[in-house]
1. Evaluate 2.2 N^0.38 Å with N set to the residue count of region 7-309, then give the Cα radius of gyration divided by it.
2. Which peptide among 60-71, 273-284 comes first, and what is the full order, when sorted by highest mean count of other Cβ atoms within 10 Å?
3. Running Debye on region 1-117 with equal point scatterers at the Cα sites and no solvent, what base-10 log of I(q)/I(0) appears at q = 0.12, 0.15, 0.21, 0.23 Å⁻¹?
4. If the only charges are +1 at each Lys and Arg Cβ and -1 at each Asp and Glu Cβ, what is the size of the charge dipole of region 7-309 around the Cα centre, to the nearest 20 debye?
5. Between residue 49 and residue 151, how high is the FRET efficiency from 1/(1 + (r/R0)^6) when r is the Cβ-Cβ distance and R₀ = 35 Å? Nearest 0.05.
6. Using per-residue counts of other Cβ atoms within 10 Å, averaged over each peptide, order 146-156, 85-95 from highest down.
7. For a 31 Å ceiling on Cα separation, which of these pairs sit above it: 144/234; 32/144; 90/156; 32/156; 90/126; 65/156?
8. May I ask you to order 298-309, 223-234, 45-56 by the average number of other C-beta atoms within 10 Å around their residues, highest value first?
Amino acid sequence: MPVDLDPTTDFIAGTTAGIVGLLIAHPFDTVKVRLQNPDLSSRYHSVSHAFATIIREERFSGLYKGIASPLATCAFMNGLIFASYKFFLKAQMADGSIPSLTQVAIAGSCCGVVMSLFSTPIELIKIRQQNMLESGLGSVSTSKLIYSIHREHGLKGLFRGLTATALRDFGYGAYFLGYEAASRYLTTPSPGFNGTTSSSDSSQGSIPLWVLFVSGGVAGIVGWLPTFPMDVVKTRMQSTETAEARSILRSEVTTGDNPYRTTISTILHSYRTGGAGVFFRGLSPTMLRAIPVNMATFAVYETVADMLLSP
């Protein structure tokens, strides 16, 4: 991935890649959210059963519930991902130098923390809509959800789960590291695997498409595995709430003291009631999603960037 792209090229390439990735990923994400929601997970026996049940009860469009919020912000979010990653990468480097894998990991982690400030409210709305059981793309509009949450809890209500989201998005360090390490290793010659040179920082036309696909798949796997438990925690916090959730989601939620009120209480309650395995609930659809989505995302990003840089 070239470091010296101008922000406009980063933004356009990142936006295009993000839209393609989102359209592929969202059905898997809907299934993941349903499996992680403690109030809905009992309805589904497996990933395939969840897919079949959602399609049968809510039609195929049910798999795309909640897509409006991330799709509307896709350009901004993906532009921010790549732009902030490059910013933190350049901040560590001398002019003309090639980033080491350590610098790549640090830049990715910093990028993830910044991203969490923007992704938290977007994912909160998306998750609320994905948890709706009525058929169609969503029986409660995005604007109505935002208004209801803001009315009940103020601005802070839209940032419920921020800490868990930041801890999860810290995994962008592993995400970019996985991509860069794989692309350096697979490209011949590949002395850059030790972090001194990088074939993926050279002309993007020299990187075969299959290398982009494989490297993107590696990025998706290593980016999710270390921080997936925090995604479960985040989803549980954002799925279960108080009176507002009862009226909008029309599903049973915890009464009395909400055990999902903080990151720590969510971790403790989830472990007590579901054991360690609960923190990997929904991992299968996530991995099924991560490989093709990130193969497409990085391939599209690199291809579009190369097209924009071509004379």
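Here, each number is a calculation from the coordinates, and none is a lab measurement. Note that the structure is a prediction, hence the values are computed from the model and not measured. Positions of Cβ are generated from backbone atoms using ideal geometry, with glycine treated the same way; all protein chains shown enter the neighbour counts.
1. Numbers: Rg = 19.7 Å, N = 303, 2.2 N^0.38 = 19.3 Å.
Taking N as the residue count of region 7-309, the ratio is 1.02.
2. Most protected by this proxy first, the peptides run 60-71, 273-284.
3. Here log10 of I(q) over I(0) equals -0.59, -0.77, -1.07, -1.19.
4. For region 7-309, the charge dipole is close to 760 debye.
5. Values: r = 37 Å, r/R0 = 1.05.
Calculated transfer efficiency: 0.45.
6. Details: 146-156: 13.6, 85-95: 15.5.
The peptides rank, most packed first, as 85-95, 146-156.
7. On the way: 144/234 22 Å; 32/144 24 Å; 90/156 33 Å; 32/156 25 Å; 90/126 33 Å; 65/156 24 Å.
Exceeds cut-off: 90/156; 90/126.
8. Working: 298-309: 20.1, 223-234: 22.2, 45-56: 15.0.
Top of the packing list down: 223-234, 298-309, 45-56.
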